[in-house]
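Some notes on the structure that comes next.
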Amino acid sequence: MSYLLPTLTRKKEVDTIIRDTIDKVLVLRFGRADDAVCLQLDDILAKTAREVSKFATVALVDVDSEDVQVYVKYFDITLIPSTIFFFNAHHMKMDS
């Protein structure tokens with residue numbers, strides 16, 4: 001289902017979407033397009049993206065892209081898939 005959501009493969013794309021998403025929650029799914037668990041999460045995100053479009057934007061980030069490794073290291077992403085939330089260009093830390 002990753003074809004239904006925007007997929008970001010470059011650091012500049014990730015920077016732009018974080019900076020430009022104002023007054024909405026930004027949901028970034030870090031993962032791989034060929035991973036079964038990522039595909040299940042992509043399916044759920046794609047089904048809910050329209051319903052939450054008034055208050056959230058959903059995008060996918062390819063962790064295999066060399067250009068995005070800065071974010072993978074910064075957010076210490078070790079589990080695939082990982083979901084990171086932002087609001088007004090600020091990372092939202094959540095405990096669940």
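The values are calculated or read from the model by the stated rules, or taken from the named source; none is laboratory data. All values reported here derive from a predicted model rather than from experimental measurement. Every residue, glycine among them, receives a Cβ derived from its backbone with ideal geometry; neighbour counts consider all protein chains shown. In case anyone asks, the SASA skips ligands and DNA or RNA and just uses the protein heavy atoms, side chains included. Shrake-Rupley method; radii C 1.70, N 1.55, O 1.52, S 1.80 Å.
Exactly one of (1) modelled with pLDDT under 90; (2) over 16 Å from Leu8 (Cα atoms); (3) not hydrophobic (A, V, I, L, M, F, W, C) is unmet by Lys24. Its number?
Going through (1) modelled with pLDDT under 90; (2) over 16 Å from Leu8 (Cα atoms); (3) not hydrophobic (A, V, I, L, M, F, W, C) one by one, Lys24 breaks only (1).
Take Thr7 and tell me if it is touching a residue at least 40 places away in the same chain (Cβ under 8 Å), polar (S, T, N, Q) and touching a strand residue (DSSP E or B) at 6+ places or on another chain (Cβ under 9 Å). Step through it out loud before you land on a result.
Details: touching a residue at least 40 places away in the same chain (Cβ under 8 Å): yes; polar (S, T, N, Q): yes; touching a strand residue (DSSP E or B) at 6+ places or on another chain (Cβ under 9 Å): yes.
In short, yes.
Every residue, every condition in (1) assigned to a loop (DSSP other than H, G, I, E, B); (2) in contact with a Pro (Cβ under 6 Å, 6 or more places away or on another chain); (3) modelled with pLDDT of 90 or more, yes or no:
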| position | (1), (2), (3) |
| --- | --- |
| Leu39 | no, no, yes |
| Lys47 | no, no, yes |
| Ala59 | no, yes, yes |
| Tyr71 | no, no, yes |
| Ile80 | yes, no, yes |
| Phe85 | no, no, yes |
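Would a scan of the range 71-84 turn up a residue that is closer than 18 Å to Lys24 by Cα and open to solvent by less than 80 Å² (accessible area, probe 1.4 Å)?
First, the residues of the range 71-84 that are closer than 18 Å to Lys24 by Cα: 83-84.
The next check asks that each one be open to solvent by less than 80 Å² (accessible area, probe 1.4 Å); those that pass are 83-84.
The answer is yes, given that some residue of the range 71-84 is closer than 18 Å to Lys24 by Cα and open to solvent by less than 80 Å² (accessible area, probe 1.4 Å).
I'd like the residue in the range 1-60 that is among the basic types (Lys, Arg) and open to solvent by 70 Å² or more (accessible area, probe 1.4 Å) and, out of all such residues, is farthest from Ser82 (Cα to Cα). Steps first, answer last, please.
Start the filter on the range 1-60 by keeping residues that are among the basic types (Lys, Arg), which leaves 10-12, 19, 24, 29, 32, 47, 50, 54.
Still in the list and also open to solvent by 70 Å² or more (accessible area, probe 1.4 Å): 10, 12, 19, 32, 47, 50, 54.
Numbers: Arg10: 17, Lys12: 20, Arg19: 20, Arg32: 10, Lys47: 18, Arg50: 21, Lys54: 23 Å.
Filtering first and then ranking leaves Lys54.
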